[in-house]
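Notes to accompany the following structure.
The values are calculated or read from the model by the stated rules, or taken from the named source; none is laboratory data. Source: prediction; values computed, not measured. Cβ: placed from backbone, ideal geometry, glycine included. Neighbour counts: every protein chain shown.
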């Protein structure tokens, strides 16, 4: 493929050369510049013909030397055979030369004899790279200095063009390298930024984890404090005789509620234990899950205690309202809570397995994280369902405070409650405000 940049200026050089030669005195130069025959009829692929110099054809992209013989096997030059020319028509052969190699083109003038009788040492010819292309006659001796002049001019042009091209390529390569380094620097800074953000986020989450653990386990015995008391069962046992007199079947329902609360406690403790042993960004999801489950437990416990209180105070409307909501939420069969517990245990087991199998860490962590994210999603959906259902109770938490809080507070005091209705309500309301603020921030962001 011809390099256009390298040949830039060739046409002007040849046009200027023609003008200068035609201005010179004598007819020899003019005759040598004339085309001997219509070479336009032959398939030369160097583009438009610019000039002929004896048997040499200069085109836009190539130089051709034509002759009527394929080779001169009887003539030797530096003990080497002649070039074999390419046939383009009957008795018409050409030798093709790239402009970048034109400095290898030269000639020997005719030094004696005539066309019919000439000694070997007197023969004139054109050569390329020390091998003969074709013979010339004495009339064509005059083209040899022209060739020398022209090829040196062309060689200088090509060398200059090549230098320019090499410089452009160097600058281009330098620019590409600079852009590459800038890109690598940006990528490095971005990785460092992400790493720093991740590190800062992890430090923040670790601090938040430790604060949460301390707040939930103030006696530092490894158990969530609110789970260590069983006020619901204490209250149930205190009033079981009265409840049996009303309807002994209620005892079975309350025991099922107690079992559901116990399962909820176990699940909260599993999450709490997992949180204590987590040191990565999974802390955030665990904190969300833990707060979520504690809030659901508080809400269920609040309504469960009110369920007992409404029954023993003969408020059967409130009792049945709570009972029907609990029934709709499957509190009495605990299937959902059992499923959550199974998934929590499975995720925890996955974490242990991954730690024990270093070769499968990446695959195991990915699967575990996927299961964990799905579990969080499922629990959030459950929270929405429970919150939605219980918020539709005709007696609200605020109503419960005003009407039931006094009597239930006394009841809980009688059984030495470790929670108290006010603390329970404060925890529920605090979480509700946290959710409202989080959702508002999410909408603004």
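Among the residues making up the range 149-206, those that are under 22 Å from residue 284 (Cα atoms) and either surrounded by 13 or more Cβ atoms within 10 Å (Cβ to Cβ) or touching a helix residue (DSSP H, G or I) at 6+ places or on another chain (Cβ under 9 Å) (or both) are 201, 202, 205, 206. Filtered by the rule that a residue be more than 16 Å from residue 228 (Cβ to Cβ) and crowded, with 21+ Cβ neighbours inside 10 Å, the range 272-281 gives no residues.
Has the range 356-364 got at least one residue that is modelled with pLDDT under 75 and buried (at least 16 other Cβ atoms within 10 Å of the Cβ)? Step through it out loud before you land on a result.
Of all residues in the range 356-364, those modelled with pLDDT under 75 come to 356-364.
Restricting the remaining residues to those that are buried (at least 16 other Cβ atoms within 10 Å of the Cβ) gives 364.
Yes, the range 356-364 has at least one match.
Check whether at least one residue in the range 295-318 is closer than 30 Å to residue 197 by Cβ, touching a helix residue (DSSP H, G or I) at 6+ places or on another chain (Cβ under 7 Å) and not in a loop (DSSP other than H, G, I, E, B), and report yes or no. Steps first, please.
First pass over the range 295-318, keeping only residues closer than 30 Å to residue 197 by Cβ: 295.
Narrowing further to those that are touching a helix residue (DSSP H, G or I) at 6+ places or on another chain (Cβ under 7 Å): 295.
Filter once more, so that each one left must be not in a loop (DSSP other than H, G, I, E, B): 295.
Looking for residues that are closer than 30 Å to residue 197 by Cβ, touching a helix residue (DSSP H, G or I) at 6+ places or on another chain (Cβ under 7 Å) and not in a loop (DSSP other than H, G, I, E, B), one finds at least one in the range 295-318, hence yes.
Residues that are in a helix (DSSP H, G or I), without any contact (Cβ under 8 Å) to a residue 40 or more places away in the chain, out of contact with any strand residue (DSSP E or B) (no Cβ under 9 Å at 6 or more places or on another chain) and not assigned by TED's automatic domain parsing to the domain that holds residue 425: does the range 151-159 have at least one? For the range 151-159, residues in a helix (DSSP H, G or I), without any contact (Cβ under 8 Å) to a residue 40 or more places away in the chain, out of contact with any strand residue (DSSP E or B) (no Cβ under 9 Å at 6 or more places or on another chain) and not assigned by TED's automatic domain parsing to the domain that holds residue 425: present. Only a single criterion out of (1) part of a helix (DSSP H, G or I); (2) farther than 20 Å from residue 378 by Cβ is not satisfied by residue 280, namely (1). Condition test on residue 111, is it at pLDDT 90 or above and in contact with a helix residue (DSSP H, G or I) (Cβ under 8 Å, 6 or more places away or on another chain)? Here the answer is yes, as residue 111 does meet what is asked. From the list 264, 207, 276, the lone residue that is under 22 Å from residue 434 (Cα atoms) and within 36 Å of the chain's Cα centre (by Cα) is 207.
A count restricted to the range 47-73 and to residues that are modelled with pLDDT under 80 and touching a helix residue (DSSP H, G or I) at 6+ places or on another chain (Cβ under 9 Å) stands at 0. Looking at 304, 258, 262, just one residue is surrounded by 22 or more Cβ atoms within 10 Å (Cβ to Cβ) and within 21 Å of residue 425 (Cα to Cα), and that residue is 304.
Let's see how each residue does on (1) in the same structural domain as residue 274 (by TED's automatic domain parsing); (2) modelled with pLDDT under 90:
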{"residue": "189", "(1), (2)": "no, no"}
{"residue": "200", "(1), (2)": "no, no"}
{"residue": "204", "(1), (2)": "no, no"}
{"residue": "208", "(1), (2)": "no, no"}
{"residue": "223", "(1), (2)": "yes, no"}
{"residue": "228", "(1), (2)": "yes, yes"}
{"residue": "236", "(1), (2)": "yes, no"}
{"residue": "241", "(1), (2)": "yes, no"}
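Looking only at the range 129-139, how many residues end up being surrounded by 20 or more Cβ atoms within 10 Å (Cβ to Cβ) and either farther than 12 Å from residue 54 by Cβ or at pLDDT below 85 (or both)? First the steps, then the outcome.
Pass one, the range 129-139, residues surrounded by 20 or more Cβ atoms within 10 Å (Cβ to Cβ): 132-134, 136.
Subsequent filtering for residues that are either farther than 12 Å from residue 54 by Cβ or at pLDDT below 85 (or both) retains 132.
Residues in the range 129-139 being surrounded by 20 or more Cβ atoms within 10 Å (Cβ to Cβ) and either farther than 12 Å from residue 54 by Cβ or at pLDDT below 85 (or both): 1 in total.
With the structure loaded, tell me whether residue 142 is surrounded by 10 or more Cβ atoms within 10 Å (Cβ to Cβ) and more than 49 Å from the chain's Cα centre (by Cα) or whether it fails that test.
For residue 142, the condition - surrounded by 10 or more Cβ atoms within 10 Å (Cβ to Cβ) and more than 49 Å from the chain's Cα centre (by Cα) - is met.
Of all residues in the range 100-107, one or more are within 25 Å of residue 13 (Cβ to Cβ), at pLDDT below 90 and not in a loop (DSSP other than H, G, I, E, B).
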